[in-house]
1. Each residue of segment 118-132 in turn: what ³J(HN,Hα) in whole Hz from Karplus with 6.51, -1.76, 1.60 and θ = phi - 60°, glycine and Pro shown as x?
2. Where Lys and Arg each count +1 and Asp and Glu each count -1, what net charge lies around Ala32 among other residues with Cβ under 13 Å from its Cβ?
3. Helix-only estimate, please: 222 nm mean residue ellipticity of the chain, summing -39500 (n - 2.57) across DSSP H runs of length 4 or more and dividing by its residues, to the nearest 500.
4. Under the Karplus relation 6.51 cos²θ - 1.76 cosθ + 1.60, θ = phi - 60°, what is the ordered set of whole-Hz ³J(HN,Hα) values for segment 151-168, x standing for Gly and Pro?
5. Using only Cα atoms, find the angle between the long axis of helix 70-105 and the longest principal axis of the chain, and express it within 0 to 90 degrees, rounded to the nearest 10.
6. Hey, what's segment 111-169 come to in accessible area per residue, 1.4 Å probe, Å²?
7. Among [x] 49; [y] 26; [z] 40, find the value of percent of Cα pairs over 28 Å apart that was calculated from the structure presented, and write down its label.
8. Please report the carbon-and-sulfur percent of the accessible area for the chain; probe 1.4 Å, protein heavy atoms only, DNA, RNA and ligands left out.
Amino acid sequence: MDETFGLLLRKLFRRRIVAVAALALAVVALAAVGAPWIAGFDPNDTAVLERLRAPSGTHWLGTDELGRDLFARIVHGARYSLLIAALTAAVALVAGCVMGLLAGFVQRLDAPLMRLVDAMMALPDILLAIALVAILGPSITNLVAALALVYTPRVARVVRASTLVLRELPFVEAARALGSGTPRILLRHILPNLGSALLVQ
């Protein structure tokens, strides 16, 4: 599994567009982490006399209508954007994997879980997220929960489809014959083989 994953990553990063995208993401992440040191201004400091300034040596991207430095606001805002994106992806991945593995491997859970996933996917994504945040209140935790709820069904469907194929393969049958329980088969034999599908998600 480790060798396969390493080979997959090497092949992936040989593609120029992937390498450029990874470099761009790394630059954004570094700028977000180092925002207090590279911004030069507090993102919330207003200066009415400096409002709507053009880009200059002092204000690299200019200022907004309240005189706030735009570069400072962008790099500080990136910290929240990246944090929310990472948490949303992690929560959606874990929840989607659990739902997809159970639906694909345990036949009696397949129909109810997939009907739940279908119901979740029937609602417009962004409207559902906005409605949930409006109901729960504005906070990072609520925003992550709302967005994760939107993206979990996609992961669940992909994981379920792959699990349905994997559960019929000889190595899973051999594990069953040796007396391995469902949790062990899912974690030791099926989940590691979902790497490529999960990487795409």
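1. Karplus-based 3J(HN,Hα) across segment 118-132 equals 4, 5, 5, 7, 6, 8, x, 4, 5, 5, 5, 5, 5, 5, 5 Hz.
2. In short, +2.
3. After summing the helix terms and dividing by the residues of the chain, the value is -23000 deg cm²/dmol.
4. 8, 4, x, 5, 5, 4, 5, 5, 5, 4, 4, 5, 5, 4, 6, 5, 5, 9
5. So the helix axis and the longest Cα principal axis differ by about 10 degrees.
6. 55 Å²
7. [x]
8. Summing carbon and sulfur atoms, their accessible area is 68 percent of the total for the chain.
The values are calculated or read from the model by the stated rules, or taken from the named source; none is laboratory data. Computed from a predicted model, the values in this text were never measured in an experiment. Counting neighbours? That spans all protein chains shown, and the Cβs are built from the backbone with ideal geometry, glycine included. Surface accessibility is based on the protein's heavy atoms, side chains included, excluding ligands, DNA and RNA. Shrake-Rupley method; radii C 1.70, N 1.55, O 1.52, S 1.80 Å.
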